[in-house]
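The values are calculated or read from the model by the stated rules, or taken from the named source; none is laboratory data. Keep in mind it's a predicted model, so treat the numbers as computed, not measured. Cβ sites come from the backbone with ideal geometry, for glycine too, and all protein chains shown count toward neighbours.
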Amino acid sequence: PTSIVDEVGLALANLADTATGAFVPTLRLGVTGLSRAGKTIFITALVHNLLTSGRLAGFAPMAEGRFIGARLAEYPDATIPRFAYEQHLASLTADPPHWPEGTRRISQLRLVLKYHSKRWRNGMRNPATLNLDIVDYPGEWLLDLPLLSQSFQEWSTEALERARRPASQHEAGPFLSVLEGIDPAKPASDADAEALAAAFTQYLRLSREDGRALSTLPPGRFLMPGDLEGSPALTFAPLPPQKGTDRHSLYHMLEQRFEAYKDQVVRPFFKDHFLRLDRQVVLVDALRALNAGPDAIADLESALTSVLSCFRQGEQNPLSRLVSRRIDRILFAATKADHLHHTSHDRLETILNRLLSSASRRARFAGAETKSIALAAIRATREGSITENGEELPTIIGTPVAGQHFDGTTYDGKTDIAFFPGDLPERTDSVFEDDGNEVHLNFLRFTPPRRLQRAENGELILPHIRFDRAVDYLIGDWLK
Ligand code: GDP
């Protein structure tokens with residue numbers, strides 16, 4: 001548990017601007033979401049818009065003319081990787097532009113924002129300053145929370161039950177046969193541990209592939225190892241319970257590694273990073289799940305349930321005792337809204353809310369306010385319409401990423417197309433219930449926007465959808 005001394009140290013570290021000695025408040029903003037949800041793009045767009053005073057009409061400090069500007073600053077903790085903003089922006093604005101690689105581990109970045117507070121009058125001296133610390137981390141890591149209150153035996157029992165479900169046969173089969181061939185009571189050996197861990201990891205990976213139903217199984221680091229790839233803390237797997245295990249057995253070895261994973265990997269992440277956040281945005285790729293069908297929706301819902309449980313307070317949450325600084329706002333954002341015509345954006349928001357409310361049915365977020373927005377941090381499409389059989393259909397226009405197929409065409413990554421993405425259902429429950437009314441979306445990946453415009457100040461403008469509202473919700477009130 002964090003001691004009071006830790007907390008005081010933390011509070012001071014957050015207030016003191018080491019360069020000038022002046023006290024500067026710091027807002028720590030967490031950005032998370034499962035792999036490919038859009039974290040890297042969200043952060044790159046956020047940083048670019050703040051650094052260049054971009055077009056964020058719904059961000060009150062800019063709309064009110066109080067935002068002065070931002071600059072990048074050295075991050076106070078030199079041991080944490082820096083978010084590679086410049087590289088990501090370079091990919092997005094290259095010719096031709098391409099999407100950068102997504103988040104694989106935790107990284108951070110500090111921006112210093114200057115603004116006039118609302119009380120500021122002409123002739124008053126100093127503008128106000130805020131440090132904005134952005135913390136990017138894989139949502140998969142949040143799936144590990146329940147492990148903290150489980151023993152190796154409890155976790156194993158649950159994990160093996162899941163692996164043995166008939167629906168998991170395809171993914172879990174090879175792991176189960178490796179398991180069958182190894183007696184957990186035999187003397188510990190690294191080779192056995194590695195064989196089991198490799199087969200188990202492969203099972204978790206296969207479960208995540210498109211069209212499969214189970215993307216959400218812990219341990220989270222098996223899917224997103226960060227810098228721990230191949231280390232003993234990740235070299236374990238569930239084993240059937242044993243009666244009276246020997247200290248030299250394989251079972252004992254893996255049990256020790258499971259405990260080490262909890263103590264040396266999971267707990268430090270929550271304590272050193274997660275619990276220090278003030279605000280959080282959780283990105284959700286609802287469109288991909290909608291497109292993949294009811295299993296993927298159910299799966300996304302269960303992943304969100306696990307993710308959300310980290311933000312809750314109460315007996316069920318092993319972090320509760322540690323929670324002292326509390327996240328007071330959580331934004332849920334359905335990303336990539338530019339894959340839909342704007343007439344569907346509100347529906348996407350409704351669907352996101354629907355997913356979240358079933359995910360959080362049994363618990364509330366004590367103290368935290370939440371909001372849902374459908375957005376595109378970087379808009380890759382325009383809108384148009386086509387007439388088909390006398391009916392006017394709203395279309396989106398963009399450049400599909402090379403190599404995708406649709407309707408008998410393979411795209412070359414250079415040609416714009418206009419197409420009808422499909423409608424989101426008006427009644428959101430039809431997405432979730434099997435009433436023969438399943439949504440069908442035409443979901444293609446588009447290249448980042450080409451031919452970006454420049455603002456009067458010469459800076460590139462990144463087009464977006466509702467991104468300004470998200471920024472306002474996350475940081476606007478700190479710039480009052
Ligand atoms: P991460 O794994 O959460 O960091 O995900 P990324 O930010 O790398 O996003 C994954 C992919 O989603 C990108 O390569 C893009 O293809 C797509 N994507 C993310 N954000 C947007 C967006 O705002 N608009 C569009 N059209 N695509 C996006």
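Considering (1) in a helix (DSSP H, G or I); (2) within 28 Å of the chain's Cα centre (by Cα); (3) of a type in the set (Gly, Ala, Ser), say which one residue 195 fails and leave the rest.
(2)
Mind checking whether some residue in the stretch 307-314 is within 16 Å of the ligand (Cβ to nearest atom) and either assigned to a helix (DSSP H, G or I) or without any contact (Cβ under 8 Å) to a residue 24 or more places away in the chain (or both)?
yes
Return yes or no: is residue 60 modelled with pLDDT of 95 or more, surrounded by 12 or more Cβ atoms within 10 Å (Cβ to Cβ), within 15 Å of the ligand (Cβ to nearest atom) and over 28 Å from residue 318 (Cβ atoms)?
Answer is no for this residue.
Tell me which residues, restricted to the stretch 63-77, are of a type in the set (D, E, K, R) and either within 12 Å of the ligand (Cβ to nearest atom) or in a strand (DSSP E or B) (or both).
Listed by number, the list holds a single entry, 71.
So residue 138 passes all but one of these: (1) in contact (Cβ under 8 Å) with a residue 40 or more places away in the chain; (2) over 20 Å from the mean Cα position of the chain (by Cα). Which condition number does it fail?
So the condition that residue 138 fails would be (2).
State the number of residues belonging to the stretch 414-461 that are among the hydroxyl-bearing types (Ser, Thr, Tyr), modelled with pLDDT of 70 or more and in contact with a Ser or Thr (Cβ under 6 Å, 6 or more places away or on another chain).
Summing the residues that are among the hydroxyl-bearing types (Ser, Thr, Tyr), modelled with pLDDT of 70 or more and in contact with a Ser or Thr (Cβ under 6 Å, 6 or more places away or on another chain) in the stretch 414-461 gives 1.
Give me the pairs: first residue in the stretch 24-45 and more than 13 Å from the ligand (Cβ to nearest atom), second residue assigned to a helix (DSSP H, G or I) and basic (Lys, Arg), beta-carbon distance under 6 Å, and six or more apart or on different chains, which are they?
Going by the 6 Å Cβ cut-off, the qualifying pairs are 28/276.
Quick check on the stretch 91-115: of everything there that is among the hydroxyl-bearing types (Ser, Thr, Tyr) and within 15 Å of the ligand (Cβ to nearest atom), which residue is nearest to residue 139 (Cα to Cα)?
The residue in question is 103.
Taking the stretch 159-175, which residues are touching a helix residue (DSSP H, G or I) at 6+ places or on another chain (Cβ under 9 Å) and under 23 Å from residue 192 (Cβ atoms)?
The answer is 159, 160, 162, 163, 164, 168, 171, 172, 173, 174, 175.
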